[in-house]
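For reference, the structure is listed below as structure tokens.
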Amino acid sequence: MFGEAWIRGPVSLGGERWLTRSGCKQVLVLVPTLVAGVRLLDVLPLLETDHRIQLFMTASGDSQVWPGARDFADAQGFVRLPWQQATQTRFDLVLAATREDLEHVKGPVLALPHGASLLKSRLRPADPGRGYHPEHGLSRQYLTYNGRLLQAGLALTHDDELDALAEACPEALPTAVVAGDLCFDRLRASLPFREEYRRAFGAQDGRTLVVVSSTWTEQSGFGEHAELFHRVAAGLPRDEFLVVGVLHPNTWTQHGRSQVRAWLGDALDAGLVLLPPERGWHAALIAADCVIGDHGSVTVYGAALDRPVLLAACPEFQLRPDGLAASVARRAGRLRLDGPIRDQVEQAIRTHPAGQAGSLAAQVTSRPDQAGGILRQMMYRLLGLDEPVRGVPVSPVPLPDPLPQDGSIPR
């Protein structure tokens, strides 16, 4: 047998005799990538305390796996099943935030977005010389396999996605529910505790907290400007500013944690507070006075939370004109790395039209503050269980856990 050895436990042959709690509904959390795994952490509190349910995780793939997926799944403390064992087991529910490997799992799949909106902000390259085409996660190529729908439930964030789905894959409409954006709901629920997050970062002394965020790809902030984090950290005096760095999980997993830390060594020496890919960026947005970003979801969420935004990179020719990133780009200023960083940050904060982010927030979700209840209802319907009587938990985001600034890499 190839791959990892199968584990003895609840889903193994005769494994029931080892259990303390038997008869539980079995839910598989699919973690093909670190991005998908981090996103699904928002959903798990809706299920994990129910005594009738047991959660399992698996990092998909045997011959090829995405870096970081297995380590992330192991770190969550649930039973992680080897991929082959997971695909040979029928589950009562499968949670997925990506289309990858869904054709191999057994059980009703609830598909969720892994970023802000299923209508992706970027356009995909067409044939050479023919420009760019719209791309989204609602096309037939994403939602079906050999003519079969992959998901029993499809959670959408916005009413506009229903229109796109009706055009691209109408056979999936009966599975779709506009649930809203649970990540954004949790961010909003955290706003009353802003001072707690600022204290956790060490900015309770009145320093201006600036978040520098980069998505992945060569067109991202860090992809275009290797010195982005260093220029910002070095350009803002430490006694008045605190600079927090956020990098997309793909950057960490594709280049390696030690390599990323090495590349950012000068920025760390200049005072950059670097967050790990698994945790902290939500808290940083709550604490932020200004966000320097690009076309990624973190920047979008920051703008939707009414934070002043400066864009360090913005490949406008690759952005869907009616997408979230394009909306942010029309509002945000542009950061000039060859200019005085402090002046630009202070001007962005001073001229920011506070209280006018409502229209952008309305693009992020059509069901503000309702996603937890709708998603829980969807999951329990697929599980065939009555919902718990207790209220739906929409917890504030966790406090940050920055990486050490001495160059060491947590293992």
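The numbers here are math on the coordinates, done by the rules we state, and not lab data. Small disclaimer: the values here were computed from a predicted structure and weren't measured. Here the Cβ is made from the backbone with ideal geometry for all residues, glycine too, and neighbour counts use every protein chain on show.
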Ranked K25, K106, criterion: other C-beta atoms within 10 Å, fewest first: K106, K25
The ³J(HN,Hα) series, computed from each phi in region 257-267 with the Karplus coefficients 6.51, -1.76 and 1.60 at θ = phi - 60°, rounded to the nearest Hz and given as x for glycine or proline, is 5, 5, 5, 4, 4, 5, 4, 9, x, 5, 5
Positive end of the dipole of the chain, charges at C-beta (+1 Lys, Arg; -1 Asp, Glu), about the Cα centre: which of V246, Q344, V392 has its Cα farthest in that direction? V392
So, with +1 on the Cβ of K and R and -1 on the Cβ of D and E, and no other charges, what is the size of the charge dipole of region 47-87 about its Cα centre, to the nearest 20 debye? 60 debye
Please report the spacing between the Cα centers of region 353-410 and region 137-200 in Å, no decimals. 12 Å
Dipole of the chain [Lys/Arg +1, Asp/Glu -1 at C-beta], most positive-end residue of F78, P10, G302: P10
Counting just the Cα atoms, what span does region 204-306 cover along each of its three principal axes? Round to the nearest Å and put the largest first. 36, 31, 22
With only Lys, Arg, Asp and Glu charged, each at its Cβ (+1 for the first two, -1 for the last two), find how big the charge dipole of the chain is about the Cα centre; round to the nearest 20 debye. 580 debye
Near the amide H of L319, under 5 Å away, which other amide H atoms are found, from residues 5 or more places off or on another chain, if H is placed in the peptide plane? L123
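Any idea what the dipole of region 192-363 comes to, in debye rounded to 20, about its Cα centre with Lys/Arg Cβ at +1 and Asp/Glu Cβ at -1?
On the way: 17 positive and 19 negative charges, 50 e Å.
Charge dipole, region 192-363, about its Cα centre: 240 debye, nearest 20.
Give me the percent relative contact order of the chain, please, defined on Cα pairs under 8 angstrom at least 6 residues apart. Working shown, then result.
Values: 767 pairs, mean separation 67.5, N = 411.
The value is 16 percent.
Projected area of region 278-362, taken from the Cα convex hull and averaged over every viewing direction, in nm²? Numbers along the way, then the final one.
Working: hull surface 24.2 nm².
Seen from a random direction, the Cα hull of region 278-362 projects 6.0 nm² on average.
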Binning at 10 angstrom from zero up to the longest distance, how are the C-alpha pair distances of the chain distributed in percent? 5, 22, 31, 26, 13, 3, 0
Taking amide H positions as placed in the peptide plane 1.01 Å from N, state which residues far from L311 in sequence (5 or more) or on other chains have amide H under 5 Å from it. G293, G333, R334, L335
Could you identify which residue out of L247, L310, L44 has the top mean-square fluctuation in a GNM of the chain using Cα springs shorter than 10 Å? L44
Post the alpha-carbon centroid distance, region 219-292 to region 1-59, in whole angstrom. 33 Å
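For E171, E161, what's the fewest-to-most ordering of other Cβ within 10 Å of each Cβ? Show your work: numbers first, answer last.
Values: E171 13, E161 23.
Ordered from fewest to most neighbouring Cβ atoms within 10 Å, E171, E161 come out as E171, E161.
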Can you tell me, using C-alpha contacts under 8 Å and at least 6 residues apart, the relative contact order of region 192-363 as a whole percent? 24 percent
Please arrange H230, H225 by counting, for each residue, the other beta carbons lying within 10 Å of its beta carbon, fewest first. H225, H230
Relative contact order for region 306-411: what is it in percent, counting Cα pairs under 8 Å that are at least 6 residues apart? 22 percent
Amide proton proximity set for V29, modelled H, under 5 Å, gap of 5+: F56, M57, T58, L95
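Quick one: net charge around E387, please, counting Lys, Arg +1 and Asp, Glu -1 for every other residue with C-beta under 12 Å from its C-beta. Provide the component values of the computation, followed by the final result.
On the way: positive: R52, R376, R381, R390; negative: D50, D386.
Neighbourhood net charge equals +2.
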Hey, what do the phi angles of region 271-288 turn into as Karplus ³J(HN,Hα) couplings, whole Hz, using 6.51/-1.76/1.60 and θ = phi - 60°, x for Gly and Pro? x, 4, 9, 9, 9, x, x, 7, 7, x, 5, 4, 4, 4, 5, 5, 7, 5
